[in-house]
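Since the structure comes first, as structure tokens, the remarks are kept for the end.
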Amino acid sequence: MSARIKTGMVLAAGFGTRMRPLTDTKPKPLIPLMGEPLIDWCMDRMRDHGTEKVVVNAHYLADQLQDHFHLDPMVTMVHETEILETGGGVLNALPELGEDPFFVANSDVVWLEGPSPAMKRLEDFWDDETMDALLLLQPTVRAFGYTGYGDYFLDPLGNAIRRSEGEVAPYLFTGLRIVHPRLFDGEQPGAFSMLRLFDKAEAEGRLKAVVHDGEWYHLGTPEALDEAEDIIRRGQTRSNTR
């Protein structure tokens, strides 16, 4: 069956400062994991899903990302003259993303599929009438490389509720989501976090979430990258197929 949501965006403009010295001369999305650039792990998922167009934003060492994708007809590059953060970056790319819901993924996380592909599960749960954003969440106890306090609670109806300061939440945001362009209505160009838009959708009862049933890796440092590669190579994950 062909994909219903046919467009995606991969966020790849950041400096990757915590991944230094690897990012001194190479953008973080091109740092390899098991011989494949991090961003290509995400792009493989997009292709497997049947995505027809993927927008990639770039700023730091943007020429390297441009060269990486210059022969890929599925990819449209959007260059940012300044870092626009997650919200501003997507808003800047909206003219290329169209008027229908689209996927957004961070280029520096890797997920391994569970019984059902994550993007298909999000697509199946998506409802244009009741949602402006749909997040893929991961249980913090099964999140490799994560040491925080979680991001969200989830009620039985799939409503995502962001934790307050001082709370510990059972789920973190994986960096993969579906958003509708109307989420950006009224926003002005410039740098801002998409978290503010998630909060707006939550307040309106239009922020939903699905829990990932596979593995998820946060690769923030060279040490985390090495450890993740070792774990995946030795097949120590519960979901060790790409």
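The values are calculated or read from the model by the stated rules, or taken from the named source; none is laboratory data. As the structure is a computational prediction, the values presented were derived from the model and not from experiment. Every residue, glycine among them, receives a Cβ derived from its backbone with ideal geometry; neighbour counts consider all protein chains shown. Ligands, DNA and RNA are excluded from the accessible area calculation, which covers all protein heavy atoms including side chains. Shrake-Rupley method; radii C 1.70, N 1.55, O 1.52, S 1.80 Å.
Please check which bits of segment 41-82 a label hung off Asp213 would reach, taking the label as a point 7 Å along Cα-to-C-beta and the cut-off as backbone N under 20 Å. Hits in segment 41-82 for Asp213 at 20 Å: 45-46, 48-50. Over all other residues within a Cβ to Cβ distance under 11 Å of Tyr149, the charged ones net out to -2, with Lys and Arg as +1 and Asp and Glu as -1.
Residues in segment 56-174 average 47 Å² of solvent-accessible surface per residue, probe 1.4 Å, ligands and nucleic acids excluded.
Only protein heavy atoms count here; on that basis, with a 1.4 Å probe, Glu229 has an accessible area of about 50 Å². Does the chain classify as rounded, prolate or oblate by the C-alpha gyration tensor (a ≥ b ≥ c root eigenvalues; a/c under 1.5 gives rounded; else a/b over b/c gives prolate, otherwise oblate)? Rounded, since a/c falls under 1.5. When the pairs Lys28/Lys208; Lys26/Lys53; Lys28/Lys53; Lys120/Lys200; Lys120/Lys208; Lys6/Lys26 are compared against a 27 Å limit on Cα-Cα distance, Lys28/Lys208; Lys6/Lys26 fall above it. Computed extension gain for Asp226 through Arg4, at 0.36 nm per residue and net of the alpha carbon distance, reaches 76.3 nm.
Rounded to the nearest 500, the 222 nm mean residue ellipticity of the chain from helices alone is -8000 deg cm²/dmol, with -39,500 (n - 2.57) taken per DSSP H run of at least 4 residues. Rounded to the nearest 10 square angstrom, Glu82 shows an accessible area of 110 square angstrom against a 1.4 Å probe. Working note: Karplus 6.51/-1.76/1.60 with θ = phi - 60° gives segment 48-65 the couplings 4, 6, x, 4, 9, 9, 10, 8, 10, 8, 8, 9, 6, 6, 4, 5, 5, 5 Hz, where Gly and Pro are set to x. Annotation for Asp63 and Arg182: the two label points, set 7 Å from Cα along the Cα-Cβ direction, are 4.4 nm apart. Charge dipole of segment 36-138 (Cα centre as origin; +1 on each Lys and Arg Cβ, -1 on each Asp and Glu Cβ, all else neutral): 220 debye, rounded to the nearest 20. Here the translational diffusion coefficient of segment 148-238 follows from Stokes-Einstein with Rh set to the Kirkwood radius across Cα pairs; for 37 °C and 0.692 mPa s it amounts to 211 µm²/s.
Projecting label points 7 angstrom from Cα along Cα→Cβ for His70 and Ser193 puts them 3.7 nm apart. With the charge dipole of segment 89-242 set up from +1 on Lys and Arg Cβ and -1 on Asp and Glu Cβ about the Cα centre, the Cα lying farthest toward the positive end among the listed residues Phe153, Phe125, Leu91 is that of Phe153. Around the amide H of Asn57, modelled in the peptide plane, lie the amide H atoms of Val10, Ala12, Val78, all under 5 Å away and 5 or more residues distant in sequence or on another chain. Rounded to the nearest 10 Å², what accessible area does Val210 show when all protein chains are kept and the probe is 1.4 Å? Accessible area of Val210: about 20 Å². The residues neighbouring Ser164, those whose beta-carbon lies less than 13 Å from its own, together hold a net charge of -3 under the Lys/Arg +1, Asp/Glu -1 convention.
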